[in-house]
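The values are calculated or read from the model by the stated rules, or taken from the named source; none is laboratory data. On a predicted model such as this, the values are computed, not experimentally measured, just so you know. Virtual Cβ from ideal backbone geometry, glycine too; neighbours counted across all protein chains shown.
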Amino acid sequence: MSCFSATFLLHLLLLANFVSCGRELELYEEAEPRLARLVSSERKRCSNDDAVTWLSAALASHSTCLDGLGEKGWLFEARQARNLTWVIREALAVSRARRSRRGKRKALTGNSGQGINLATWNAATSAADIVVAQDGSGHYRTINEAVAALGRLGGNRPQRAVVYVKSGVYKEKVEIGRDLKNVMFVGDGIDKTVVTGSQNVQDGATTFNSATFGVSGDGFWARDMTFENTAGPQKHQAVAIRVGSDLSVFYRCSFKGYQDTLLLHSLRQFYRDCQVHGTVDFIFGDAAAVLQNCDIIVRRPMAHQSNMITAQGRDDPNENTGISIINSRVLPAFDFRDVKGRFRSYLGRPWKKYSRTVVLQTDLDGLVDGKGWKEWSGDFALSTLYYAEYMNTGTGASTADRVKWPGFHVLRDRQEAEQFSVRSFIGGESWIPATGVPFSSAV
């Protein structure tokens, strides 16, 4: 069904050509095919959830552009561009209202790739489309050569292309572009297959472009790899991986950095049995993302810093985005274990006005401050954010001294928590089973 009028959409598409934000302009180009689909002959296959997801992603892209302009000091341009968000916000409001009236439908499913299974694929028994090996035993020695080869295949690419990356430390900056859909990367294990870089804001990159590994192609899957940014805490924002891939899945992967490690940029994402290491805002962005059975590892910050695990970027109340951490563990890194009492560490702070983060059935180490959550600046967003905890355990789980903000909730009812489950929050029952990755659908 069409989720809003063609007129709205056409105005939205014009927005893509209105503001030049350097490389971030690609974000608008990525949004166009999804939004055009809503008024095309395929519109009947579009669920209301798809529409809200794609519009939320368009708003996230616009916000990223504004942030990039601000980081470059282009404040006038940022103010001018900010005035254009009304188009997206109006479309979101219309689409969300229709979603409420008509109920939810299943999301469009990603291509399963002819039975290829992320969880069980084995290099010893299955042939990869491309093998990367630094010792010359594969098709290519670098990941970027493999990505370029996938691009050259064009329409001759298999339904799901499998890239096997053998053990090694790959010092590369990698971009999986929007045209490379349904790509699967498999490594030899955490800390065995490592993609590493060190770009950062302090040395001139924007946060968005500092990512060691960036993914835009929908349906991206990855397993048994480490993605890291080694810039260090003194370089501030330095992203290890940036994900803007719809229906993306990461299984048994590790993301290492300090500030801004894992950028959950936009769209629907699922992380299972992963590790995320960092200090400040190290899980952030405006995707609809679920992290399930993951280890969230808090590192030692600089002397004057506090740790903030999340900084969610929802900027409109009609977005369906947020960070849902389920059945996971928050624990100190080895170098932080003995000094954690000298620093304050929080579950998150509100990056944007309608920031939304929930921590459910998760074991919280005593490193978590009794307040639980931290202000961004004064009373900004304290009444508009949505933060919640449900049935957490561990020495840091007591809610007795938690913040008293209007937007903070201690959930008592399973039904309240269920709205943030894999099934309800990201519609995971319709697209995660194809990966073979284990998951718990309900809370």
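Return yes when Glu389 is in contact with a Leu (Cβ under 9 Å, 6 or more places away or on another chain), at pLDDT 95 or above, of a type in the set (Asp, Glu) and part of a loop (DSSP other than H, G, I, E, B) and no when it is not.
Values: in contact with a Leu (Cβ under 9 Å, 6 or more places away or on another chain): yes; at pLDDT 95 or above: yes; of a type in the set (Asp, Glu): yes; part of a loop (DSSP other than H, G, I, E, B): no.
In short, no.
The combined condition, being part of a loop (DSSP other than H, G, I, E, B), assigned by TED's automatic domain parsing to the domain that holds Arg329 and either modelled with pLDDT under 95 or over 13 Å from the mean Cα position of the chain (by Cα) (or both), is fulfilled by Asp179. Looking at segment 31-136, the helices (runs of 4 or more DSSP H) lying wholly inside it that each contain 3 or more residues that are over 25 Å from Val215 (Cβ atoms), at pLDDT 75 or above and not assigned by TED's automatic domain parsing to the domain that holds Ala161 sit at 85-102. Cβ-Cβ contacts under 7 Å between residues 6 or more apart (or on different chains), taken from a first residue in segment 406-418 that is outside the structural domain of Ser355 (by TED's automatic domain parsing) to a second residue that is surrounded by 10 or more Cβ atoms within 10 Å (Cβ to Cβ) and assigned to a strand (DSSP E or B), are absent.
For the residues Tyr346, Tyr354, the requirement of being under 20 Å from the mean Cα position of the chain (by Cα), in a loop (DSSP other than H, G, I, E, B) and either among the hydroxyl-bearing types (Ser, Thr, Tyr) or not assigned by TED's automatic domain parsing to the domain that holds Arg402 (or both) singles out Tyr354.
Just checking, which of Val201, Val163, Val169, Val194 is in the same structural domain as Asp286 (by TED's automatic domain parsing), in contact with a Ser or Thr (Cβ under 9 Å, 6 or more places away or on another chain), surrounded by 15 or more Cβ atoms within 10 Å (Cβ to Cβ) and outside any loop (DSSP other than H, G, I, E, B)? Before the answer, list the steps.
Details: Val201 fails: outside any loop (DSSP other than H, G, I, E, B); Val163 fails: in contact with a Ser or Thr (Cβ under 9 Å, 6 or more places away or on another chain); Val169 fails: surrounded by 15 or more Cβ atoms within 10 Å (Cβ to Cβ).
It is Val194.
Considering only segment 268-312, state which residues are farther than 16 Å from Asp363 by Cα, over 13 Å from the mean Cα position of the chain (by Cα) and not in a strand (DSSP E or B). Those that are farther than 16 Å from Asp363 by Cα, over 13 Å from the mean Cα position of the chain (by Cα) and not in a strand (DSSP E or B): Thr279, Arg299, Arg300, Pro301, Met302, Ala303, His304, Gln305, Ser306.
Just for segment 392-426: of the residues that are of a type in the set (Asp, Glu) and outside any loop (DSSP other than H, G, I, E, B), which one is surrounded by the fewest Cβ atoms within 10 Å (Cβ to Cβ)?
Here is the first cut: in segment 392-426, the ones of a type in the set (Asp, Glu) are 401, 413, 416, 418.
Restricting the remaining residues to those that are outside any loop (DSSP other than H, G, I, E, B) gives 416, 418.
Details: Glu416: 14, Glu418: 16.
Among those residues, the one meeting the criterion is Glu416.
Give the residue, chosen from Glu389, Glu429, that is under 15 Å from Ile325 (Cα atoms), surrounded by 16 or more Cβ atoms within 10 Å (Cβ to Cβ) and of a type in the set (Asp, Glu).
On the way: Glu429 fails: under 15 Å from Ile325 (Cα atoms).
Among Glu389, Glu429, only Glu389 is under 15 Å from Ile325 (Cα atoms), surrounded by 16 or more Cβ atoms within 10 Å (Cβ to Cβ) and of a type in the set (Asp, Glu).
Collect the residues in segment 233-252 that are over 15 Å from Thr53 (Cα atoms), among the polar types (S, T, N, Q) and not in a helix (DSSP H, G or I), keeping them in residue-number order. Selection gives Gln237 alone. Taken together, Thr279, Thr310, Thr321 contain a single residue that is outside the structural domain of Val94 (by TED's automatic domain parsing) and over 30 Å from Ser430 (Cβ atoms), which is Thr279.
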